[in-house]
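The values are calculated or read from the model by the stated rules, or taken from the named source; none is laboratory data. Given the structure is predicted, the values throughout are model-derived calculations rather than measurements. Methodologically, a virtual Cβ is constructed for each residue, glycine included, from the backbone with ideal geometry; neighbour enumeration extends over all protein chains shown. Accessible surface is based on the protein model in full, side chains and every heavy atom, while ligands, DNA and RNA are left aside. Shrake-Rupley method; radii C 1.70, N 1.55, O 1.52, S 1.80 Å.
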There are 2 protein chains.
Amino acid sequence: MTVAEKPVHAPIEGFPIADHCLTIGGIAVTRLAERVGSTPFFAYDRGIMTDRVAKLRAALPEGISLHYAMKANPMPAVVTHMAGLVDGLDVASAGEMMTALDTGIDPRDISFAGPGKTDAELARAIAADIVINMESPGEMERIAGIAGIQGVTPKVAIRVNPDFELKTSGMKMGGGPKQFGTDAEKVPDMLKRLAELDLDFYGFHIFAGSQNLREEALFEAQEKTIDLAIRLAGAAPRSPRMVNIGGGLGIPYFPGEKPLNLMQVGEGLNSLMPRAKKGLGAVELVMELGRFLVGPAGLYITRIVDRKISRGRVFLVTDGGLHHQLAASGNFGQVLRKNYPVLIASKADGAGKEEADIVGCLCTPLDRLGDKMALPEGEVGDLVALFQSGAYGLSASPINFLGHPKPLEVLV
Amino acid sequence: MTVAEKPVHAPIEGFPIADHCLTIGGIAVTRLAERVGSTPFFAYDRGIMTDRVAKLRAALPEGISLHYAMKANPMPAVVTHMAGLVDGLDVASAGEMMTALDTGIDPRDISFAGPGKTDAELARAIAADIVINMESPGEMERIAGIAGIQGVTPKVAIRVNPDFELKTSGMKMGGGPKQFGTDAEKVPDMLKRLAELDLDFYGFHIFAGSQNLREEALFEAQEKTIDLAIRLAGAAPRSPRMVNIGGGLGIPYFPGEKPLNLMQVGEGLNSLMPRAKKGLGAVELVMELGRFLVGPAGLYITRIVDRKISRGRVFLVTDGGLHHQLAASGNFGQVLRKNYPVLIASKADGAGKEEADIVGCLCTPLDRLGDKMALPEGEVGDLVALFQSGAYGLSASPINFLGHPKPLEVLV
């Protein structure tokens, strides 16, 4: 072969085609659109979430707990479903905490991380008796002060800014100067002060990065995380009950990206377990995952409102756009725009017949959902499905931009 | 001088400092925060908006109307204020149309542009008797069909995708293949069809780009726009009553950018007026502006929640973030993140004493509001002001991201 093949999207799993139409949870997307009553909408498949948790658990060694980071998808029905599958929920605000508590989960299985917690938020978290991942010595003093007023002993963990980073990561959350956590080298001093305060020490939260698709990079970070936890545990007032080793498991969004080999991830972690047990004792090791568990379970469905040809290029103008799926437009952390996987859902098994641009309804050139995609001929009325839309979709998008109604979400 | 000076932000006008504190509309920002009752919040100064409209009108030739593109800032109080200053409002959705109509403005002074208008939106616009900027022949047919059912003759203009672009523009909206409007070369055919339908022809909407800071580039686009309108008018069923020549006037956001010379912009347009009058007769020439009129009138105010030093770098962690001011975080159309102008509002006249990073409260490394800025020492409780936040701020940001409460807005 002399010409490099064009990279393609990883195959999409879990959405079979029946009668030329994409299905979700056994329901044709066209029919689901009738049930929802309006487009655009987000549809999430609970079966795919269940399946992903099961596959991950099967690959991971005994003794690893799973937490769901609900910032990935905070729809209450999704959070409730996930709460029944995992061992804990991670929240990033008092608002998310309310949704998490509504599931009925034990508050001690909820943890709260975030670099800018206000006194009001801390007071609510203390009252709820959840585990607070403290981001700094200053935040620790505020927690102790507020807890004193409430007359309770709050559950706390220390979020550590590690002295390494998760290489080749979509987002680096640790290593170097960061707003997250306390620098690893300052943690012993913080533990000393912690021992003087009326705080119930739970453990450490060490999170190096997210959206990583390289098994070796993940292993390297996990190894360093466990070693760091062992070092820090020596300075703690009591053995940590929990060490949150973060997540970082990515999903393939763009052409050329491949899903992680879970067996390899599991084997890597398994090889670290003896060292963890020896150094940390009967600690609960927690993996915190959001995107990995729910991202592939979601579709963003829009309808074609106009089909136009401008100077030789086909534009399929939809009723959706970046106000609902900002990341798919290439405007949330990406440097160069790349396409999410997309299908004409109502012609799902049609072979690519034309090159078309899929755009949103907003009056801005940023509002692109697919550039020069090979698709069956899309017509007015056809439904378009964007895959990998179950995480950081609706809740991470500027829904009020240009004043369109808020789209619905459905869990099937 | 042998070393190039580091580019700096253009001076900020309209927010005097009194007793070391930034003021807005004569009110100290610290006091305004007490009145609003919570941080973060957006504050807009109606006086600055009035002043900007007056200065622009003084620079522009007679016979140029001004429209406010309310997508820049759809806060109802702002839209009402602007409606009293300008000659018309431009909306981008039926939702925005409702706010525009609530101001009491004459519906014929409202125009509605947007590439993905649904039948439901078109029906509402037709019933409201506003001017619809038609984006394609297909949309024209849908309008005629819906208007027939309602038994009314809708007011329509043709949005043209010009055969040129606005050079060096922040966002290019015309030229080449685009989802906006009808290609200039296809407009004569569309006009022929328009004449067969029961549609009240108002004119043309020709919009080449936005956020431009080069007077010559603006002049070149305006000249080509007027020439194009004259060419197209020859094929119209009647003389156009209105030609919307777009806006494109930018504001300085980043170090090194300078405000436009309005006199130069006005002189350029003035030199085109004889040609426009000769070729278009008693047409109303409309400039449509959003950001230019309201952007510099707005502040985003956050409070410092934590001050931390991580590996030698100072981080001021605020209670705000990209969920309210996405563009300032560098994640809305920018390729490389640059700083908006920022001040410690409660120490506004303090000389720069340290280099600090201003970050938001979200658990993502994308949440940066200022990188390595020279600022007086910010402490917990201090207010931070982001300037140039009156346009594409709150409404263009993912407010639900991580579940924090929606911030308030105040017009002073």
Exercise. Which angle between 0 and 90 degrees, to the nearest 10, do you get for helix A:215-233 versus the longest principal axis of chain A when only C-alpha atoms count?
Worked result: 20 degrees
For this session: Quick one: compute the contact order of segment B:74-289, relative version, from alpha carbon pairs under 8 angstrom and 6+ residues apart, as a percent.
Result: 15 percent
Exercise. If you roll a 1.4 Å probe over segment B:74-289 with all protein chains in place, what percent of the accessible area is carbon or sulfur?
Worked result: 54 percent
Problem set entry | Helix-only [θ]222 nm of chain B, DSSP H runs n ≥ 4, -39500 (n - 2.57) each, per residue, nearest 500 | -8500 deg cm²/dmol
Exercise. Tell me, Kirkwood radius of chain B from alpha-carbon pair distances, in Å?
Worked result: 22.5 Å
Exercise. Can you give the average number of partner chain beta-carbon atoms within 10 Å of each beta-carbon in peptide B:307-317, as a whole number?
Worked result: 6
Exercise. How many square angstrom of accessible surface are buried between B and A, both sides summed, with a 1.4 Å probe and rounding to 100?
Worked result: 5400 Å²
Exercise. When the Cα centres of segment A:155-222 and segment B:288-306 are compared, how far apart do they sit, in Å?
Worked result: 34 Å
Exercise. Do any GluC sites (Glu not before Pro) in segment B:283-377 lie in a loop, going by DSSP, with at most 16 other beta-carbon atoms within 10 Å of their beta carbon, and if so which?
Worked result: B:377
Seminar exercise, completed: Of B:242, B:263, B:134, the most mobile residue in a GNM of chain B (C-alpha springs, cutoff 10 Å) is B:263
Exercise. Expressed as a whole percentage, what fraction of the accessible surface of segment B:333-382 belongs to carbon and sulfur atoms when a 1.4 Å probe is rolled over the protein heavy atoms?
Worked result: 50 percent
For this session: Can you spot the lysines whose alpha carbon is less than 29 Å from residue B:347's alpha carbon? Ignore those fewer than 8 places along the same chain.
Result: A:117, A:178, B:6, B:258, B:308, B:338, B:372, B:406
Exercise. Can you tell which of B:375, B:289, B:89 shows the greatest fluctuation in a Gaussian network model of chain B with Cα springs below 10 Å?
Worked result: B:375
Exercise. Relative contact order of chain B: what whole-number percent is it, with Cα pairs under 8 angstrom and at least 6 residues apart?
Worked result: 20 percent
Exercise. GluC sites (Glu not before Pro), restricted to segment B:55-149: which are DSSP loop and have at most 13 other Cβ atoms within 10 Å?
Worked result: B:62
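Heavy-atom accessible area per residue, the protein assembly as shown, 1.4 Å probe: how many Å²?
For the protein assembly as shown, the solvent-accessible area averages 36 Å² per residue.
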For this session: Using R₀ = 45 Å, calculate the FRET efficiency as 1/(1 + (r/R₀)^6) where r is the Cβ-Cβ separation of residue B:355 and residue B:273; round to 0.05.
Result: 0.35
Exercise. In the Gaussian network model of chain A, springs joining C-alpha atoms below 10 Å, which of A:334, A:388, A:211 carries the largest mean-square fluctuation?
Worked result: A:334
For this session: Would you pull out the residues with amide H under 5 Å of residue A:288's amide H, same chain only if 5 or more places away, H placed 1.01 Å from N?
Result: A:67, A:245, A:246, A:247
Problem set entry | segment A:74-289 - charge dipole about Cα centre, Lys and Arg +1 at Cβ, Asp and Glu -1, debye rounded to 20 | 360 debye
Exercise. For the protein assembly as shown, what is Rg from Cα atoms divided by 2.2 N^0.38 Å, rounded to two decimals?
Worked result: 0.99
For this session: Would you please name the trypsin sites (Lys or Arg not before Pro) within segment B:248-324 that are DSSP coil residues with at most 16 other C-beta atoms within 10 Å of their C-beta?
Result: B:311
